[in-house]
1. Residues of the range 37-85 being surrounded by 15 or more Cβ atoms within 10 Å (Cβ to Cβ), of a type in the set (V, I, T) and over 26 Å from R25 (Cα atoms), which ones?
2. Please determine whether any residue of the range 212-223 is among the aliphatic types (A, V, I, L, M) and under 24 Å from S16 (Cα atoms).
3. Here is a list: I148, I119. Which entry is open to solvent by 10 Å² or more (accessible area, probe 1.4 Å) and either part of a loop (DSSP other than H, G, I, E, B) or among the hydroxyl-bearing types (S, T, Y) (or both)?
4. Quickly run through the range 1-14 and pick out the residues that are closer than 29 Å to L36 by Cα and either open to solvent by 40 Å² or more (accessible area, probe 1.4 Å) or modelled with pLDDT under 95 (or both).
5. Mind checking which pairs have a first residue in the range 177-189 that is closer than 14 Å to R2 by Cα and a second that is among the polar types (S, T, N, Q), Cβ under 8 Å, 6 or more apart or different chains?
6. Scanning for something closer than 27 Å to R63 by Cβ, over 17 Å from the mean Cα position of the chain (by Cα) and open to solvent by 20 Å² or more (accessible area, probe 1.4 Å), does the range 124-144 turn up at least one residue?
7. I'd like to verify a number: residues in the range 210-231 that are crowded, with 17+ Cβ neighbours inside 10 Å and in a loop (DSSP other than H, G, I, E, B), how many?
Amino acid sequence: MREVIVALDFPNKEESIGLLKNLDRVKISRLRNRGLAELGEEFKPYVKIGMELFYSEGARLVREIKDMGYRIFLDLKLHDIPNTVQSAMKVLAGLGVDMCNLHCAGGIKMMRDAKEGLIDGGGEDTLLIGVTQLTSTSEKVLHEEILINRTMEEAVLNYSLNGKLAGLDGVVCSPWEAERIHELCGYQFLTVCPGIRFASQSSNDQVRVATPSKAGEAGCDYIVVGRSITQAEMPYEAYERALLELNGIKL
């Protein structure tokens, strides 16, 4: 089953917990009846804790949300010299999150050392994902500002291959690169795709975007959804819709 990760893009604990209480209303029986028979009784949505919330509330909130039964993608995008990233990953492993990430641009050694730090800290079961190019980056920016003189797809595929060689579990990419990454790195190599909006919604500051259904067709293993769920009148209903669309189930 492909999964939706809800982005807790809030500045504080109060707003985050308020959203989680709404997501507690997700109906497992309803999703099973619509075709997701593999959902277990204890199923809860995957959530993403990014820089804003982590820097505001720290590790205590991560542990609190984990204790509530939610699976957590800790999205801090580490990027530093290998030794520093390795040490940081060893510390982050103690939080018991389910997924964390770094920038592939740090190179193979940095990624390899990060994986070692994660394992040394007891995070053997934590997925380590590499960021390829941000979905806010256009082809124009790639060429004229970052000075990478390859196509976006070539750059993303190269980052992905480096991540595979370094022992990562997958990469963050746009939906439009997911299938090619699987062809190059194998279908066990995960693709985590932000830039997801329901049809007719604004793309805001992201450039390479897709709907949940298009992301599913493109082969994304996980999609990260923020405003389309968190700003919905009924967030739990928006989550269910995204999960069904991602898995090719018509509403």
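1. Within the range 37-85, T84, V85 meet the criteria.
2. Checked the range 212-223: at least one residue is among the aliphatic types (A, V, I, L, M) and under 24 Å from S16 (Cα atoms).
3. I148
4. Pass one, the range 1-14, residues closer than 29 Å to L36 by Cα: 1-9.
Of everything in the range 1-14, those that are closer than 29 Å to L36 by Cα and either open to solvent by 40 Å² or more (accessible area, probe 1.4 Å) or modelled with pLDDT under 95 (or both) turn out to be M1, R2, D9.
5. Hits for this filter: A178/T191; F189/S160.
6. Yes: the range 124-144 contains one or more residues that are closer than 27 Å to R63 by Cβ, over 17 Å from the mean Cα position of the chain (by Cα) and open to solvent by 20 Å² or more (accessible area, probe 1.4 Å).
7. 6
The values are calculated or read from the model by the stated rules, or taken from the named source; none is laboratory data. All values reported here derive from a predicted model rather than from experimental measurement. Note that we place each Cβ from the backbone using ideal geometry, even for glycine, and neighbour counts take in every protein chain shown. These area figures cover heavy atoms from the full protein model, side chains too; ligands, DNA and RNA do not enter into them. Shrake-Rupley method; radii C 1.70, N 1.55, O 1.52, S 1.80 Å.
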